[in-house]
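Worksheet: the structure to be examined is printed underneath.
The values are calculated or read from the model by the stated rules, or taken from the named source; none is laboratory data. Quantities reported herein were computed from a predicted structural model and do not represent experimental measurements. Counting neighbours? That spans all protein chains shown, and the Cβs are built from the backbone with ideal geometry, glycine included. We work out accessible area using only protein heavy atoms, side chains counted, and drop any ligands, DNA or RNA first. Shrake-Rupley method; radii C 1.70, N 1.55, O 1.52, S 1.80 Å.
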Amino acid sequence: MRFYQTDPTLENYWRGVILFGRNVASYKFALAHALYDLQHHQDDLITLETLAAPFARHLCTHLHHAPKQITSRGSQFLASCVQFNNDEIDEAQLIEQTVRHGFANVIDAFHNVNRAEIDKRFFIDERKSSKGIRLTDNFYQLTQTTQFHNLVKETDARWRLVEQAWALGVSSHLIAVEYDPEDQLLFSRQNKRRVNITRCRDSLNGYQKGRCFYCYRDISLQSGHENLADVDHFIPWMLNATHANLNGVWNLVLACRNCNRGQGGKSALIPSVELLERLEDRNEYFINSHLPLHETLTEQTGKTFHQRHDFLQTQWQNARNAGLSTWHPTAQGDAIF
């Protein structure tokens with residue numbers, strides 16, 4: 001798919017798995033987190049028993065705040081996780097159940113995106129020969145990239161978005177991911193009650209491949225980091241009295257500090273029409289990532305590509321009609337989205 005074909009790095013193949021794979025259970029996210037935890041394992045062969053401990057632990061943790069982790073009615077493995085959380089079984093019993101039932105489908109499906117396997121494998125299935133999986137050089141190279149620390153946060157953010165959609169019943173007229181600029185959180189509403197989902201930065205970063213939306217400079221999700229990303233409104237927030245829903249996900253991008261508020265930066269200017277086309281492409285990545293960003297974007301901007309295109313063009317032209325000048329930065333990296 002275009003997301004990683006235009007920039008075929010290991011980070012973006014991994015992001016393809018996390019952001020664009022269809023989810024009938026959250027096991028893929030748990031497996032990704034387990035592999036993050038095992039990156040320093042002494043052997044590239046990870047037995048199912050070794051893998052089971054972090055895999056189950058992450059699912060048990062998420063079950064505390066999100067009881068629905070699968071779209072089917074039930075799961076023997078998840079029932080064991082609930083029993084562990086309720087102190088009805090011990091860790092050894094949980095690991096035994098995880099080895100027996102937890103990996104039935106997720107290992108086979110992990111590398112599949114849009115019904116096809118991606119070109120880069122991060123582990124090889126050796127359950128039949130060695131009772132485990134073997135990490136590949138691709139995985140070890142991935143852990144050495146500058147983006148690796150961001151992938152951990154991106155995975156958890158995606159997990160929380162998906163489980164919140166399931167909690168709402170995966171109904172497009174119910175799902176609305178909103179943004180709180182004060183806390184910089186994405187949230188939804190359930191029975192008129194606000195439910196915080198995840199940090200906005202963590203949710204948006206993967207779709208921008210860890211780069212500033214405007215100039216392609218590397219950005220970070222780490223608090224205190226000199227390249228910590230700003231959450232920016234593409235159509236400036238100062239127009240919020242005359243432009244509807246500027247806090248919508250469609251209008252939020254991550255920017256480096258220089259582009260957002262540095263000397264010669266965007267500030268309250270309107271990005272160029274070339275950047276508007278980039279926003280359209282980025283939003284289509286949201287659409288292709290399935291629930292709940294798909295539902296949110298189509299509700300906010302249109303059900304069809306042409307409706308969404310016209311929506312963005314209208315918003316941009318209205319901002320120009322309000323008297324704002326256009327702005328375009330000097331590129332600090334290759335055009336990768």
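Partner aspartates and glutamates whose Cα lies under 16 Å from the Cα of Lys131, excluding those fewer than 8 positions away in the same chain, are identified as Asp43, Asp44, Glu49, Glu96, Asp108.
Grab the other residues whose beta carbon is less than 14 angstrom from that of Cys256, score K and R as +1, D and E as -1, and report the net.
With Lys, Arg at +1 and Asp, Glu at -1, the net is +3.
Taking a straight Cα-Cα cut-off under 22 Å and skipping sequence neighbours fewer than 8 places away in the same chain, the lysines within cross-link reach of Lys68 are Lys28, Lys153, Lys192.
Over the chain, Cα pairs under 8 Å with separation of 6+ residues give a relative contact order of 17 percent.
Of the residues Ser267, Ser72, Ser220, the one that moves most in a GNM of the chain with alpha-carbon contacts below 10 Å is Ser72.
From the helices alone, meaning DSSP H stretches of at least four residues, give me the mean residue ellipticity at 222 nm for the chain, per-run term -39500 (n - 2.57), in deg cm²/dmol to the nearest 500. Provide the component values of the computation, followed by the final result.
On the way: 15 runs with 149 residues, N = 337.
After summing the helix terms and dividing by residue count, I get -13000 deg cm²/dmol.
Percent of C-alpha pairs per 10 Å bin in the chain, short distances first: 5, 25, 33, 23, 11, 4, 0. Using a 10 Å Cβ count of at most 15 others and DSSP loop calls, identify the longest part of the chain lacking such GluC sites (Glu not before Pro). Between exposed loop sites, the widest span is 227-337.
Counting Lys and Arg as +1 and Asp and Glu as -1, what is the net charge of the other residues whose Cβ lies under 12 Å from the Cβ of Arg57? Mind dumping the intermediate values first?
On the way: positive: none; negative: Asp37, Glu91.
Around Arg57, the surrounding residues sum to -2.
Residues Ser129, Ser75, Ser26, sorted by accessible area with the largest first, give Ser129, Ser75, Ser26 [1.4 Å probe; ligands and nucleic acids excluded]. Spacing of the modelled spin labels on Leu269 and His149, each 7 Å from Cα toward Cβ, amounts to 3.1 nm. By a 1.4 Å probe calculation restricted to protein chains, Asp183 has an accessible surface near 80 Å², given to the nearest 10. Its relative contact order, with pairs defined as Cα atoms under 8 Å and 6+ residues apart, puts segment 227-337 at 29 percent. Here the simple spin-label model places points 7 Å from the Cα toward Cβ, and for Arg115 and His40 these points are separated by 4.3 nm. For segment 298-337, the set of trypsin sites (Lys or Arg not before Pro) satisfying both a DSSP loop assignment and a count of at most 12 other C-beta atoms within 10 Å is given as Lys303. In a GNM of the chain with a 10 Å cut-off on Cα contacts, which of Arg201, Arg127, Arg57 has the highest mean-square fluctuation? Highest fluctuation among the options: Arg127. Note on the chain: with a GNM built from Cα contacts shorter than 10 Å, the maximum mean-square fluctuation among Thr98, Thr298, Thr61 falls on Thr61. Where q = 0.19 Å⁻¹, what log10 of I(q)/I(0) comes from the Debye formula for segment 49-204, counting one point per Cα? Summing over Cα pairs of segment 49-204 leads to -1.37.
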